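Remarks on the structure that follows.
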Amino acid sequence: MTAPECANTDGGPRNSAGLCEARGLLWGIRMRLLLASVGLALVGCGSADSAEMANSPPTSHSEDGRGTGTGTDSPGVGAPSEGGSSGTSTPSTGGGGAKPGTLTAGAWDDNANYDFYLTYLDKHASLAGALKTPRADRLRVDVVDGAGFALGGARVVVRASDKVVFDGPSATDGHVDVYPKWAGAEAGAKLTVEATLGSIAATASALAGDKTVKLALSSATATIASGLDVAIVIDTTGSMGDEITFLRTEIAAIAARVGTTWPTASQRWAVVAYKDQGDSYVVKTAGFASDPAVIQSQLTSLSAAGGGDYPEAPDQALAEAAKLPWRSGNTARMVFWIADAPHHPGAESTIAEAVTTMRAKGVHVYPVAASGVDELAEHTMRSTAQLTSGRYLFLTDDSGVGGTHKEPSIPCYFVTKLDNAMVRMIATELTGAYVGPTSAEVIRTGGDPKDGRCTLANGQQVAIF
C-alpha cells in the first residue's frame, strides 16, 4: 500500500519528503512495522511513485549525468537504518559451492523517469528488432481505498466506446498504466474507467492523452499482498556459464529470505529455462511450486550449453511464462528474466504478445541483464519491464564474475549485491511501497546522486532506484 497522494505545493515530486509528513504519518508507522524485519530503508513518504522527479534547475552534473563510484559509505536514497546489515544470507544452497551474495547489480525504474525514458526510446527509434509499441500517451490509473491508500487487486477496465482498451488488476501500489493508442484508441477519444473489488465499484471519465485518473473504492480497505508468485525465466545457453552457477545459489537464498521475512505471504516459484532453436531444448518449464526444495532442484539441474549464434529465444520463454497459472487477487506477480542476449529480430511481435498477456494478468517483469548484453537486449529488457510496471536490473563488474557487463544507458544508480536488489524488488511488490537500499548495502554509486536524484546537463532531474 502506498501513502495517500500529497499536494504538490512547490513543483517537486508528488509524495516527496516534507510535503506529506502529516498526512503520511499513520502510513509511515504502518509500513515501518511491516518492513522492520527486512533491514531495508523506506524512502520519503514511501510510495513507488515518490521516485518520480520533476525538472528543476541543476545542482550538480557532469556532461551526461554519469560519474564514477564512490565507495561503501554512500547513503541510500532515504535515511539509512541504524546498524543495518547487508542482509546477505549465507546458507549453503548448492551450485558448486558458490555462496549467495556474490553477484552485484544496479536497478532502474523507467516509469519513475518517464520523460527520460521517452527520450531514450526516441534515440533508438530505428533499432532493428526493438518493440515499437506506442507509449507517449500513457494514462496512469490510481486506485485507492476509503482512507486514500493504494489498493491492489482491483479489476480495472478501460473502454473507448465499446472497445476494451485495458482489462487487468491494479498493482499493489494501486497503479495501472494504460496506453490507449496501443489498443487502437484515437487521441482525444473519450474513455470510461471502471474499478471493481467484489461488489464495490467506482467509475471515472478520461480522454486518451490524459496523464492520470483516480478512482476511490470508498468501502474497500487496502492490505499488504497475501501471496507472491515468482517465475525465474533464465537463458541457459553456453555464454551464461559463470552467471548460472552463481544464480542457482542467489535465487535459492532469496526464496529462503522471503519466507523468513514474510511468513504470511504464500510463496510460489516457477522456472522457465530457455536456449535457442536447434539446441537440446528451446523452452523447459517447471510450474509453480510452494516448496523451495523443488525450485532448488530445478535450478541445480540446469547447465549452460548450446546457443551458437548470439540471439536466443527469450520470446518463446516469455510466452510460456505468460501462460503460467498466475494467481489473481491481491497477489504480487513477478518475473525475473535473467539473460545476456537479445531475441532474433522479427520475434519482437511474440514478446509484445507475451507482454500484453502479462499486463492483463498483472505480472511485472524484472529483467536481470548479464554480461554480453547489447543495445537491443537492453532496449527489449527495459521495454518489457516498463510496459509491465517492473524495473530493470543489470549485473555489474564489481563481483568479478562473468565477462564485462554493459554500462546501461542511464545516468545514475546504486550498486548492491544482486540478492539484496532482488529482495528489495520483492519487498516493493509485496508492499506497494518503494524500498531503497541501506547505506551498508551500497557498494558504490554510478553517477552523482543527491537526495535520491541526479541532475543532467539539461537541468532535468531523474530518480535513482
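Nothing in this text is a laboratory measurement; each read-out follows from the coordinates by a stated rule. Since the structure is predicted, the reported quantities are computational estimates derived from the model, not experimental observations.
Brief remarks on what is shown
- Computed over region 331-435: relative contact order in percent, which uses C-alpha pairs under 8 Å that are six or more apart: 26
- Beta bridge orientation in region 139-217: antiparallel %, DSSP, nearest 5: 75
- Stokes-Einstein diffusion for region 252-377 at 37 °C, viscosity 0.692 mPa s, with a Kirkwood radius from C-alpha pairs, works out to 210 µm²/s.
- Relative contact order (%) - criterion: Cα under 8 Å, at least six apart; region: region 139-217: 36
- Between region 421-465 and region 124-145, the alpha-carbon center distance in angstrom: 22
- Cα-derived Rg to Rh of region 139-217, Kirkwood definition: 0.95
- Cα extents of region 179-272 along the three principal axes, largest first (Å): 52, 35, 18
- Distance between the C-alpha centres of region 157-179 and region 308-327: 24 Å, rounded to the whole angstrom.
- For K417, the lysines whose Cα comes closer than 29 Å to its Cα, not counting residues fewer than 8 places off in the same chain, are K99, K275, K284, K406, K450.
- For region 400-464, the normalised intensity computed at q = 0.20 Å⁻¹ comes to -0.96 (log10 of I(q)/I(0), Debye sum over alpha carbons, equal scatterers, no solvent).
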